[in-house]
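One structure is given below, encoded as structure tokens.
The values are calculated or read from the model by the stated rules, or taken from the named source; none is laboratory data. What you are looking at is a predicted structure, and each value in this text was computed from that prediction instead of being measured. Quick reminder, even Gly has a Cβ in these numbers, built from the backbone with ideal geometry, and neighbours come from all protein chains shown. Please note that ligands, DNA and RNA were not included when accessible areas were found on the heavy atoms of the full protein model with its side chains. Shrake-Rupley method; radii C 1.70, N 1.55, O 1.52, S 1.80 Å.
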Amino acid sequence: MSAKKIMIIDDEEGLGRMMATILMDEGHGVRAFTDPREAVDLFRPGTWDLVISDIKMPGIDGLEVLQRIKAADPEIPVIMITAFATVDMSIQALRKGAYDMLTKPFEPDELLFRVRNALNHNQLREENRQLKQKLANKFNFDNIIGASTALQRLLETVEKVAVRDTSVLITGESGSGKELIAQAIHYNSPRREKPFMAINCGAIPDSVMESELFGHKKGAFTGADTDKEGLLKAADGGTLFLDEVGNLPLNVQKTLLRVLQEREFRRVGDTSATKVDVRLISATNSDLEKEVEQGTFREDLYYRLNVINLHLPPLRQRKPDIPLLAAHFIAEQNKKFKTDIKGLSPEAQQAASDYAWPGNIRQLKNVIEACITVETEDQISLATLARFIETDQAGGDPNDYNDALARFEIDYLRQLLGAANGNIEEAAQKANMNMATIYRKLKKYGLRKEDIMK
């Protein structure tokens, strides 16, 4: 463990000096005070990692010291020391925010053990804070990538919806980023410090869906060997995201409706109700209104879930976002695999923007990853992109002579090398061309004979 700054407050100068020596031998920076008022006056949040204070002291006692320090820095751990540890005193100290109690006399090893625990707790708390901040930054509206008018209008609505604790239904095609929007709502809402739990209702068999969501009691059914906490309870205080909510079985829909109405439910096999405070965000790529008409989705639940409707447009309707998303995914892959792809070539970028992307953002991300895996140049070429999506290799205006010539040459080279089984020399002889010309043409169009022969 790295060196930490520790404040010791004890009116017994000898004991304070002894504790300071033990902790400094461990590499920590320590300052011991015999006057509790001086210590409290000099205490500044962020300056210290741990406070160790005696309880019985003249002037102000340790419980008041504890109260003042926790008021200044609620997160700092404080270890209280006493020679008269009673249950009542311990309860008071813990209620006021003490991390631990240490009874005199104590051995150096016991002091070190308690200090290490307190500092480890502090470190875990800080790591947790940093993780939450990272998540908050990741799902900040500014970090949802896209400049299209359609996306910007949606984000304006999302920002307003986030702070209002109401049910939201996100509609849109598969792979369009519905869960990302749900996470943005959660991490920009008053519930951001509580859990965000997600479940894909289309990926869970009907037979276990009820148990997954609501949990079960031991012995409720064959295989229920222990009590299980469902996702609803795990998300208590936070947000539960139900992806592909149209796949919920009717019996689960009925129980979910009770949750929305009564804020309580019964675990499978349980006789008592469990209270829960959860915001529900759901998503679907199907027509729930049609499912209501067909009787496969409860009308009352539909209206409970669809208080606010957010429609996420498909990627083909957000063409200005395609180059931005591609650049983002390239940067992600470069960082992950230590590659140095500069981006899409101009021809590849045009082809990507023209493509319909039926799998939306998820497909774009997967295609970029695949392209980087096989690309040998410093840019993703049109030929490489064409291995994973259907595209006009030459691109451009079909009525333009140069573009038409380029399309002809690409097709001709493919046929020529195919007929020659990839042998450049043989292909040159068949076409009455020199080998250098063929190599030059291949480079011009970003073609590789290995790709052509596949």
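Residue count for segment 57-95, restricted to those that are in contact with a strand residue (DSSP E or B) (Cβ under 9 Å, 6 or more places away or on another chain), more than 17 Å from Met7 (Cα to Cα) and in a loop (DSSP other than H, G, I, E, B): 3. Can you find, within segment 180-189, the residue that is modelled with the lowest pLDDT among those that are of a type in the set (A, V, I, L, M) and open to solvent by less than 20 Å² (accessible area, probe 1.4 Å)? Only one residue fits best here, namely Ala184. Take the residues in segment 151-189 that are more than 18 Å from the chain's Cα centre (by Cα) and among the small types (Gly, Ala, Ser), then tell me which one is farthest from Leu315 (Cα to Cα). So the residue we want is Ser167.
Of the residues Ala162, Ala136, only one is modelled with pLDDT of 90 or more and out of contact with any strand residue (DSSP E or B) (no Cβ under 6 Å at 6 or more places or on another chain); which? One residue alone meets the criteria, Ala162. Could you tell me how many of the residues in segment 231-252 are part of a helix (DSSP H, G or I), of a type in the set (S, T, N, Q) and crowded, with 18+ Cβ neighbours inside 10 Å? The total comes to 1.
Scanning segment 190-212 for residues that are within 21 Å of the chain's Cα centre (by Cα) and either modelled with pLDDT under 85 or of a type in the set (A, V, I, L, M) (or both) yields Met197, Ala198, Ile199, Ala203. Scanning segment 274-330 for residues that are touching a residue at least 24 places away in the same chain (Cβ under 8 Å), open to solvent by 80 Å² or more (accessible area, probe 1.4 Å) and touching a helix residue (DSSP H, G or I) at 6+ places or on another chain (Cβ under 7 Å) gives Arg304, Gln317, Lys319. In segment 144-179, the qualifying residues are those that are free of Cβ contacts under 8 Å to residues at least 60 places away in the same chain and open to solvent by less than 70 Å² (accessible area, probe 1.4 Å), and the one that is nearest to Asp236 (Cα to Cα) is Ala162. A Cβ distance below 6 Å, combined with a sequence gap of six or more or placement on separate chains, defines the contacts here; from segment 53-79, residues that are closer than 14 Å to Tyr99 by Cβ and open to solvent by less than 30 Å² (accessible area, probe 1.4 Å) reach residues that are in a loop (DSSP other than H, G, I, E, B) and among the small types (Gly, Ala, Ser) in the pairs Leu66/Ala98; Val78/Ala98.
Out of the residues in segment 343-386 that are of a type outside the set (S, T, N, Q), open to solvent by 80 Å² or more (accessible area, probe 1.4 Å) and not in a helix (DSSP H, G or I), which is nearest to Glu179 (Cα to Cα)? Ranking the candidates gives Pro358 first.
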